[in-house]
1. Is at least one residue of segment 48-58 in a strand (DSSP E or B), within 25 Å of Asn179 (Cβ to Cβ), at pLDDT 95 or above and more than 16 Å from the ligand (Cβ to nearest atom)?
2. Tell me the residue from Leu204, Leu164, Leu197, Leu168 that is at pLDDT 85 or above, surrounded by 16 or more Cβ atoms within 10 Å (Cβ to Cβ) and in contact with an Asp or Glu (Cβ under 6 Å, 6 or more places away or on another chain), please.
3. Would it be correct to say that Asp39 is under 19 Å from Ile7 (Cα atoms), in a helix (DSSP H, G or I), not hydroxyl-bearing (Ser, Thr, Tyr) and not assigned by TED's automatic domain parsing to the domain that holds Arg183?
4. Can you pull out every residue in segment 69-81 that is over 17 Å from Lys174 (Cα atoms) and either in a helix (DSSP H, G or I) or touching a Lys or Arg at 6+ places or on another chain (Cβ under 7 Å) (or both)?
5. Could you tell me whether segment 95-109 includes any residue that is acidic (Asp, Glu), within 30 Å of Ile181 (Cα to Cα), in contact (Cβ under 8 Å) with a residue 12 or more places away in the chain and part of a loop (DSSP other than H, G, I, E, B)?
6. Assigned by TED's automatic domain parsing to the domain that holds Ile16, within 16 Å of Asp12 (Cα to Cα), free of Cβ contacts under 8 Å to residues at least 40 places away in the same chain and surrounded by 14 or more Cβ atoms within 10 Å (Cβ to Cβ): does that describe Leu56?
7. For segment 67-88, what are the residues that are within 16 Å of the ligand (Cβ to nearest atom) and in contact with a Gly (Cβ under 9 Å, 6 or more places away or on another chain)?
8. Would you check which residues across segment 1-33 are in contact (Cβ under 8 Å) with a residue 24 or more places away in the chain and within 12 Å of the ligand (Cβ to nearest atom) and list them?
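The values are calculated or read from the model by the stated rules, or taken from the named source; none is laboratory data. Keep in mind it's a predicted model, so treat the numbers as computed, not measured. Please note: Cβ atoms are built from the backbone with ideal geometry, for glycine as well, and neighbour counts cover all protein chains shown.
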Amino acid sequence: MDSKTKILVIEDDKYISNFIAVSLKKENYDVYISQSAADGLFMFSSYHPDIILLDLGLPDQDGLEIIKELRQFTEIPILVVSARGQENDKIEALDMGASDYVTKPFHMGELMARIRVAERALALRGVNSEETIYKFDYLTVDYEKRRVLVDDAEVHLTPLEYKLLLLLIENQGKVLTHNYIIRKIWGYEAGGDNKSLRVFMANLRRKIGKGDSGCHLISTEVGVGYRFLGE
Ligand code: CA
């Protein structure tokens, strides 16, 4: 029986892909390497990986196009690993459905941590759909009764705050961009105005946080968006 997590690395820089492959194998992952977009898509359909690590600057196609293509038929976690430091590329990749983003040069430890977040999200995906009660750490959400508990005390969320919390939980581990959240919660394009989202997020954090230590369940991705339970 093979229960190893399969990771497809689409990266044209051989030095980097080797480095990633060696490190991942050491951690007991199955690794497949592709050096172009076309080969990457071919390997995706041949080997059915669990997670994709994707470089944006590929010789035959822009990595963003691969995300767009894959998202038409799969929800596989796509971790973008790219040298492009520009916030716009990062946000565009996430808006197109990438799950997370690591900028080169990166520490292997950081990449491993992001992979583990993706794995946990995968493991939860199957479980969550059947559950009516979500529990994590001190937080409990009872979907049927629409109740939210911090430890055992009920907290009162406005309908929009509740919707926001559910959206974050559904996408656990994934970075959600400001625009994505605003579109989902308010139903329109933000056009760069994130002020109301910031206010809502601050209120939600305060309500589901614990005393002075605040809420460590939601992390801020500066200039990009938010992530539920980003470790
Ligand atoms: Ca490249």
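1. Yes: segment 48-58 contains one or more residues that are in a strand (DSSP E or B), within 25 Å of Asn179 (Cβ to Cβ), at pLDDT 95 or above and more than 16 Å from the ligand (Cβ to nearest atom).
2. After applying the criteria, what remains is Leu204.
3. On the way: under 19 Å from Ile7 (Cα atoms): yes; in a helix (DSSP H, G or I): yes; not hydroxyl-bearing (Ser, Thr, Tyr): yes; not assigned by TED's automatic domain parsing to the domain that holds Arg183: yes.
Yes: the conditions hold for Asp39.
4. The initial filter retains those residues of segment 69-81 that are over 17 Å from Lys174 (Cα atoms), namely 69, 72-73.
Glu69 - this is the single residue of segment 69-81 that is over 17 Å from Lys174 (Cα atoms) and either in a helix (DSSP H, G or I) or touching a Lys or Arg at 6+ places or on another chain (Cβ under 7 Å) (or both).
5. no
6. yes
7. Within segment 67-88, Ile67, Ile78, Val80, Ser82, Ala83, Arg84 meet the criteria.
8. Listed by number, the residues that qualify are Val9, Ile10, Glu11, Asp12, Asp13, Ile16.
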